[in-house]
Amino acid sequence: MASTWPREEWPLPEMEAELYWLVLAEEDLFSAILAAQATYEEFASIADLEQFKLLPSLLSISVKVFLSSREHPFVGEHIYADNVSCSRESIIGNINADSKFRDDLHEGDIIRVPKTRLSDWFLVSMDGRGIGGFSLPQVLGEMSEQDRTVVVNEPPFAWFSYRNPVNAADQLAALPVCEQCGRRNLLDAAAFFPNDSERKVEICGLCRNGLRRLSCELFGIRILRTEGAPLKCAGCLHGRPVPTWEPTLSAEPRKPTGFSNEVYFWE
Ligand SMILES: [Zn+2]
Ligand SMILES: [Zn+2]
């Protein structure tokens, strides 16, 4: 982890039992995943706010999560999911590929996983500039030269070509602190980069739009709201997507019985 990482603003998660799946990660991937997890709350609040927009303001809000294989909970795959909806303890999204390890898990399925399984997140502006993508250098590093030349022009890699070779953690750590809220605004990262001389904005994009970091009054997840808006997250107001599949620590899949389109409340 870069020594410049602002730990006071984005504390790294404690190594606890739920992060057991990280034990086999190489050191730089391990650091990348911790940085993604440390900024999860900010990511989740932006994902929540997007659900109230009449027109989408982001091209993609997606995550990568770790799913265990049946054989061994430490062995598994990192799988991408979009249409992300976050709650305090878990992430719900549609996976964008069939699972390599589980024949019961297919592209488009809605999964819900504990937030401790997060291995990356992606916020992409309408003009195709991404922030997040913490683990992409390691993903590219594992590919053959030939594969790499093909995928670098495809999402998610193409979303980050503008900041190459700066990595996600260094980009976020370099964000200026807003004079009004005293925090760094993730969404400013792509706009600021890479021209240092333009880092003159003293008030962050959230404050300029009248948004404050508050908590959902039901479950406490961070939300971004203007003065007077209801203090409820999108999940509490509108219900959450019903997951078709959830992993269990025993590595056995569990299909909820009576799967339906009813709204589903869970934090
Ligand atoms: Zn601010
Ligand atoms: Zn809520």
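Please treat every number below as a calculation from the coordinates, not as lab data. These numbers were taken from a predicted model, which means no experiment stands behind them. Glycine gets a Cβ as well: all are built from the backbone with ideal geometry, and neighbour counts include every protein chain shown.
Data table
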{"item": "DSSP beta bridge pairing in the chain, given as percent antiparallel to the nearest 5", "result": "95"}
{"item": "Proxy reagent accessibility, fewest Cβ within 10 Å first, across Thr4, Thr244", "result": "Thr4, Thr244"}
{"item": "Among Leu224, Phe74, Ile110 the positive-end extreme of the charge dipole of the chain (Cβ point charges)", "result": "Leu224"}
{"item": "Rounded, prolate or oblate (a/c below 1.5 giving rounded, otherwise prolate when a/b exceeds b/c) for region 17-176 by Cα gyration tensor", "result": "rounded"}
{"item": "Cα gyration tensor shape for the chain, rounded if a/c is under 1.5, else prolate or oblate", "result": "oblate"}
{"item": "Selection from Leu55, Tyr162, Ser99 lying farthest towards where the dipole of the chain points positive, charges on Cβ", "result": "Leu55"}
{"item": "Non-local Lys pairs in the chain, i.e. 8 or more apart or on different chains, that have alpha carbons under 25 Å apart", "result": "10"}
{"item": "When the convex hull of its Cα atoms is projected in every direction, mean area for region 1-96 (nm²)", "result": "7.5"}
{"item": "The chain: relative contact order as a whole-number percent, Cα under 8 Å and 6+ apart", "result": "19"}
{"item": "Gaussian network model of the chain, springs between alpha carbon atoms under 10 Å - residue of Pro155, Pro137, Pro243 with greatest fluctuation", "result": "Pro155"}
{"item": "Burial ordering of Val139, Val63, Val124, fewest other beta-carbon atoms within 10 Å first", "result": "Val139, Val124, Val63"}
